[in-house]
Amino acid sequence: MRREWKYETGTDIAVQDALLRLLSEKALADVTVAELAREAHVSRSTFYEHYGNPADVYDDLAKRFSRDLSPLMEQVACTRELQPEGKPFCMRLRESGPFAPVVNDDRFLGTLLADGGYLEKHDLYNLVREAGYTDAQAKALCSFQMAGCFSAARASGATDAEWDDTKAVIDRFILGGIAALLASRRSATR
């Protein structure tokens, strides 16, 4: 049975870091518990005290990657002079560093979006819910926004300056869509 993720121990970090190293060489499906435990310098029984399998470790890595993301509304409203706390999702993806094997794995976005609690913490989710949209609609909009940002950030081979310009266009599009969505709801409730 998978434990609820609340905090990370030194063993958790060691196992996660070991998986990052292994993912730079092979696919998640090819990583065994034995080699992951060996790479983390823990016994298999210690591994199983913390995780059920390598996919569970991957899930925690995806959560760890997304921890310092800035709220969407701060991201799209920021300027070059005033940067939000944390990093915008698109920038975190483009500058994934040691998390590149996690981000580049086909299951990354699905793992992140499958965590309903993560979507409920999304500020767009709260904004849309407060406007009267359903839980399913709010989660769908958050998933749509994140999937779009994910695709744009990964597909763009642009330089940082070119990406800044592209991000500004995407941010205006997102803000315009949110404004239209909220205006539509206001006019429907009158």
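A few points about this structure:
- Members of segment 17-76 found to be open to solvent by 70 Å² or more (accessible area, probe 1.4 Å), of a type outside the set (Lys, Arg) and part of a helix (DSSP H, G or I), listed by number: 29, 30, 45, 48, 49, 74
- Criterion applied to 128, 102 was being among the β-branched types (Val, Ile, Thr), over 27 Å from residue 17 (Cβ atoms) and buried (at least 16 other Cβ atoms within 10 Å of the Cβ), and the one residue passing it is 128.
- Top-ranked residue in segment 1-16 [being in a loop (DSSP other than H, G, I, E, B) and of a type outside the set (A, V, I, L, M, F, W, C); ranked as modelled with the highest pLDDT]: 9
- Matching residues, segment 142-168, being among the aliphatic types (A, V, I, L, M) and surrounded by 11 or more Cβ atoms within 10 Å (Cβ to Cβ): 146, 147, 152, 153, 158, 168
The values are calculated or read from the model by the stated rules, or taken from the named source; none is laboratory data. Computed from a prediction, not measured in an experiment: that's the story for all the values here. When we count neighbours, we look across all protein chains shown, and the Cβ atoms used for this are built from the backbone with ideal geometry, even at glycine. In case anyone asks, the SASA skips ligands and DNA or RNA and just uses the protein heavy atoms, side chains included. Shrake-Rupley method; radii C 1.70, N 1.55, O 1.52, S 1.80 Å.
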